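The values are calculated or read from the model by the stated rules, or taken from the named source; none is laboratory data. What you are looking at is a predicted structure, and each value in this text was computed from that prediction instead of being measured. With ideal geometry, Cβ positions are generated from the backbone for all residues, glycine too; neighbour counts draw on all protein chains shown. The accessibility values were calculated without ligands, DNA or RNA, using every heavy atom of the protein model including side chains. Shrake-Rupley method; radii C 1.70, N 1.55, O 1.52, S 1.80 Å.
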Amino acid sequence: MLWVKAFHIIFMVTWFAGLFYLPRLFVYHADAKDEASNQRFKIMERKLYYGITTPGAIITIILGFWLIHMMGYGILSAFWLQAKLALVTILVVYHLYCGKLLKDFKNDNNRHGHVWYRWFNEFPVIVLIAVILLVELQPY
Ligand code: HEM
């Protein structure tokens, strides 16, 4: 089980690397004035979303359910895990919304400015802190 937990954490870090960097690319992309930058950001965003962020999310979640399977489904009655899974669900919605924003940029149809993306970029930080505190402290 420790191997599964170790890779659960490794892929969680991969997922968050993408969730921290992708909105940052959106900040610079929303501010880009020249076509060369516009095309470069499109390639970087696509590779980051499909090559790192999404595989990281999928493997984190699969290994998380594998941990639950090994620990016994009784653990699902623990408040910390219920709260954790609720936060992870919100994070998956944020992830998918990043995919929608990526498509907007791809179609030169972005509607938000760089300031909006700077605030948008902060959300995963809050979720990460809350999830780690829940899983380490396991309050209830
Ligand atoms: C944002 C996503 C996630 C983060 C940041 C995260 C973080 C962590 C960390 C740091 C641990 C190790 C705790 C320790 O041994 O001290 C852990 C364990 C665990 N995670 Fe996750 N996880 C995430 C998503 C998930 C998901 C989606 C599931 C279930 C589907 C899950 C289920 C578990 C379980 C059952 C454990 C074992 C807890 C224990 O040993 O008591 N996690 N997680």
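Relative to the present Cα-Cα distance, how much length would full extension add between R118 and Y28 at 0.36 nm per residue of separation? Write out the running numbers ahead of the final one.
Working: separation 90, 0.36 × 90 = 32.40 nm, distance 0.97 nm.
Going from the current span to full extension adds 31.4 nm.
Here the accessible area is traced with a 1.4 Å probe on the protein chains. For region 2-137, carbon and sulfur cover 72 percent of it. Farthest towards the positive end of the charge dipole of region 2-137, among the residues G18, G64, L101, is the Cα of L101, using unit charges on the Cβ of Lys, Arg, Asp and Glu. Karplus-based coupling profile of region 106-114, in residue order and whole Hz: 4, 8, 6, 10, 5, 10, 10, x, 5, with θ = phi - 60° in 6.51 cos²θ - 1.76 cosθ + 1.60 and x standing for Gly or Pro.
With the whole protein complex present, K5 retains an accessible surface near 80 Å², based on a 1.4 Å probe.
Ignoring everything except DSSP H segments at least 4 long, calculate the 222 nm mean residue ellipticity for the chain; use -39,500 (n - 2.57) per segment, divide by total residues, nearest 500.
-27000 deg cm²/dmol
Report the extension gain between M1 and V127 in nm, rounded to one decimal, defined as 0.36 nm multiplied by the number of residues separating them, less their alpha carbon distance. Spell out each step's value before the answer.
On the way: separation 126, 0.36 × 126 = 45.36 nm, distance 2.49 nm.
Stretched out fully, the M1 to V127 stretch lengthens by 42.9 nm.
Ordering V125, I90, P55 by the projection of their Cα atoms onto the charge dipole of the chain, which places +1 on the Cβ of Lys and Arg and -1 on the Cβ of Asp and Glu, puts P55 at the extreme positive end. Accessible surface for region 2-137, divided over its residues, is 58 Å² per residue with a 1.4 Å probe. More than 17 Å apart: what percent of Cα pairs in the chain qualify? In whole percent, the long-distance tail amounts to 62. Dipole magnitude for the chain: about 200 debye, using +1 per Lys or Arg Cβ and -1 per Asp or Glu Cβ, origin at the Cα centre.
When peptides 71-79, 44-52 are sorted by average Cβ neighbour count within 10 Å, with the highest value leading, the order is 44-52, 71-79.
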